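J.: Take this structure, written in structure tokens, and hold onto it; I'll ask about it next.
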Amino acid sequence: MIHFDHVNLTYENADHPALSDCSFDIEKGQTVLLAGMSGCGKSTILNLINGLLLHDEQTEVSGTIQISGKAAQDLEQWEVADLVGSVFQNPKSQFFNLTVADEIIFGLENRGATRPQMERALARAAEVCGVQDLLGRDIFGLSGGEKQRIACASAYATDPDVLVLDEPSANLDEQSIEALAKVLAEWKRQGKTVVIAEHRLWYAIDIADEVFYIRDGHVERTFTPDQLRFMNAADRAQLGLRQCTRPPDIAPEPGPVGDDGIVAQGLTTSNKRIPVWQNIDFHIPRGRVCAITGKNGAGKTTLARVLCGLKKTNTGTLNIDGQVTKRKQLRARSFMVMQDVNAQLFGETALDEVTFGDESLKDQAHDALERLGLGGYAKRNPSTLSGGQRQRLAVADALVSKRDIIVLDEPTSGLDLRHMQQVSDALHQMALSDRCVVVITHDMEFVHTSNALVIDWARPIDRR
């Protein structure tokens, strides 16, 4: 079904290849999990399978790639799209329509399918991916988990032989991850060939037939799911792999008492006059990382925007160290690492990005890059870094910034174990420098290892 034979790929201006002598075979109907540390080449493999890099003039590709017995380099992009459906880490990047139903049938519409064909495909995809109740909805009003299910339905609707998914669980809560796992299991039951690049192994390990461990751009080892499940934890950590069992639930701690840091009283906010949450009280102290957890759609990202002064509240007050603080003051004192870090990286090089053009920060910037495993990438343009590397670069920005309120939205999404721990250490360093550090997260592995103060945002309306 999928055949890579001595494949090499180098991105434009890169100082080393992204794939190096990469060879493997995936049989028809197999579900294969690609595992390995951030930047090892997982996404590059997927983007060769789905054709996105096959005709990219900015990359050099050599070797043999076959999809369904056809030489992939000889296929046009639309021909590859007939064979392979894709689900990306950020589903918004693959949406083209305003409504759910239109998005799901978009690929079929482009292929010239008849209305009855589209109606049948829509009904089938909606049932398999569990989105029947979303068909009349606006795309932009969906939660992260709902958007991911729509991306799955859109990829499945054209009935491709192969489906590839790039970090599909990165921004999902556990309920949404379990829904995703059911979709993947159904695709496997139907005999689809499924390739998943993932760091969260615990939900995917039960579905996979084989695990390819990628290092330095090639398949270094292959594992059965049981080999990974029963691997010594220290050996698995040495590979940079996360745990293979579901993280246990965490009970929120009693909130601290005092007026240091951020104290919210009676906060209410809304979107288009619809309440997001009402009468919220919480305390985020200085000196400790605070994790805001809860389901997709509970209003956690809205909270991040409020804390940074980017969104107004309807009622209530935000005090910092006992002083009532207005939105303008919050904007001046806060730094936000966005969920989509691509929207905030502007430097010509990673070093330029962290120094903000201030030469006096160069030593601090180099130290921050080293702490986050990016010391060798100081001269690289951020656009040439992997998704996980860009994520850590944005955290380095926050580490060097002089702001005393640091808000990070899913900073460990798409990170392997080692780099997740590096981010955790960086956040603790920020907290120990007497800053308020707030992390919006679904990553329970991170919460367990970070010793963060947990605020459960699971019940967003009237939490008093």
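The values are calculated or read from the model by the stated rules, or taken from the named source; none is laboratory data. If you're wondering where the values come from, they're calculated on a predicted model, not measured in any experiment. Positions of Cβ are generated from backbone atoms using ideal geometry, with glycine treated the same way; all protein chains shown enter the neighbour counts. Surface areas here come from the heavy atoms of the whole protein model, side chains and all, with no ligands, DNA or RNA. Shrake-Rupley method; radii C 1.70, N 1.55, O 1.52, S 1.80 Å.
J.: Go through Ala204, Ala197, Ala181, Ala234 for me and flag whichever is aliphatic (A, V, I, L, M) and over 17 Å from Thr31 (Cα atoms). Give the derivation first.
T.: On the way: Ala204 fails: over 17 Å from Thr31 (Cα atoms); Ala197 fails: over 17 Å from Thr31 (Cα atoms); Ala181 fails: over 17 Å from Thr31 (Cα atoms).
Unique residue meeting the criteria: Ala234.
J.: Within the stretch 203-251, count every residue that is open to solvent by less than 70 Å² (accessible area, probe 1.4 Å), over 17 Å from Ser43 (Cβ atoms) and in contact with a Cys (Cβ under 6 Å, 6 or more places away or on another chain).
T.: Final tally of qualifying residues: 2.
J.: If we scan the stretch 37-56, do we find a residue that is open to solvent by less than 60 Å² (accessible area, probe 1.4 Å), assigned to a loop (DSSP other than H, G, I, E, B) and more than 28 Å from Arg200 (Cβ to Cβ)? Step through it out loud before you land on a result.
T.: Filtering the stretch 37-56 for residues open to solvent by less than 60 Å² (accessible area, probe 1.4 Å) gives 37-51, 53-54, 56.
With the extra rule that they be assigned to a loop (DSSP other than H, G, I, E, B), the set shrinks to 37-41, 50-51, 53-54, 56.
Remaining after also requiring more than 28 Å from Arg200 (Cβ to Cβ): 54, 56.
There is at least one residue in the stretch 37-56 that is open to solvent by less than 60 Å² (accessible area, probe 1.4 Å), assigned to a loop (DSSP other than H, G, I, E, B) and more than 28 Å from Arg200 (Cβ to Cβ).
J.: Looking at the stretch 60-71, is at least one residue within 23 Å of Ser169 (Cβ to Cβ) and not aromatic (Phe, Trp, Tyr)?
T.: No, that holds for no residue.
J.: Right, next: Can you tell me which residue in the stretch 432-446 is most open to solvent (accessible area, probe 1.4 Å), limited to those that are over 16 Å from the mean Cα position of the chain (by Cα) and more than 14 Å from Gln339 (Cβ to Cβ)? Walk me through it before giving the result.
T.: First, the residues of the stretch 432-446 that are over 16 Å from the mean Cα position of the chain (by Cα): 432-438.
Filter again for more than 14 Å from Gln339 (Cβ to Cβ), leaving 432-437.
Numbers: Leu432: 143, Ser433: 63, Asp434: 92, Arg435: 28, Cys436: 0, Val437: 0 Å².
My answer is Leu432.
J.: Determine the pairs where a residue that is on the phi > 0 side of the Ramachandran plot, located within the stretch 209-235, has a partner that is open to solvent by 70 Å² or more (accessible area, probe 1.4 Å) with Cβ atoms under 9 Å apart, the partner being 6 or more residues away or on another chain.
T.: As it stands, the answer is Asp216/His16; Gly217/His16; Gly217/Asp21, since those pairs meet every condition given.
J.: Another one. Met336 versus (1) hydrophobic (A, V, I, L, M, F, W, C); (2) out of contact with any Cys (no Cβ under 7 Å at 6 or more places or on another chain); (3) modelled with pLDDT of 90 or more: which is the lone unmet condition?
T.: (2)
J.: Here's another thing I want to ask about it. Quick test for you: out of Leu163, Leu122, Leu172, pick the one residue that is out of contact with any Ser or Thr (no Cβ under 8 Å at 6 or more places or on another chain) and not in a helix (DSSP H, G or I). Spell out the reasoning first.
T.: Numbers: Leu163 fails: out of contact with any Ser or Thr (no Cβ under 8 Å at 6 or more places or on another chain); Leu122 fails: not in a helix (DSSP H, G or I).
Residue meeting the stated conditions: Leu172.
J.: Report yes if Gln339 is in a helix (DSSP H, G or I) and touching a strand residue (DSSP E or B) at 6+ places or on another chain (Cβ under 9 Å), otherwise no. Reasoning before the result, please.
T.: Numbers: in a helix (DSSP H, G or I): no; touching a strand residue (DSSP E or B) at 6+ places or on another chain (Cβ under 9 Å): yes.
No: the conditions fail for Gln339.
J.: OK, next. From the list Leu415, Leu345, Leu393, Leu369, which residue is touching a residue at least 12 places away in the same chain (Cβ under 8 Å) and open to solvent by 10 Å² or more (accessible area, probe 1.4 Å)? Please lay out each step first, then the result.
T.: Values: Leu415 fails: open to solvent by 10 Å² or more (accessible area, probe 1.4 Å); Leu393 fails: open to solvent by 10 Å² or more (accessible area, probe 1.4 Å); Leu369 fails: open to solvent by 10 Å² or more (accessible area, probe 1.4 Å).
The conditions single out Leu345.
J.: So, in the stretch 5-24, of the ones that are closer than 14 Å to Glu57 by Cα and assigned to a strand (DSSP E or B), which residue ends up most open to solvent (accessible area, probe 1.4 Å)?
T.: Within the stretch 5-24, the match that is most open to solvent (accessible area, probe 1.4 Å) is Tyr11.
J.: Could you check Val87 against (1) within 26 Å of Gly240 (Cβ to Cβ); (2) in contact with a helix residue (DSSP H, G or I) (Cβ under 9 Å, 6 or more places away or on another chain); (3) at pLDDT below 90 and say which number it fails?
T.: Going through the list (1) within 26 Å of Gly240 (Cβ to Cβ); (2) in contact with a helix residue (DSSP H, G or I) (Cβ under 9 Å, 6 or more places away or on another chain); (3) at pLDDT below 90, Val87 breaks only (3).
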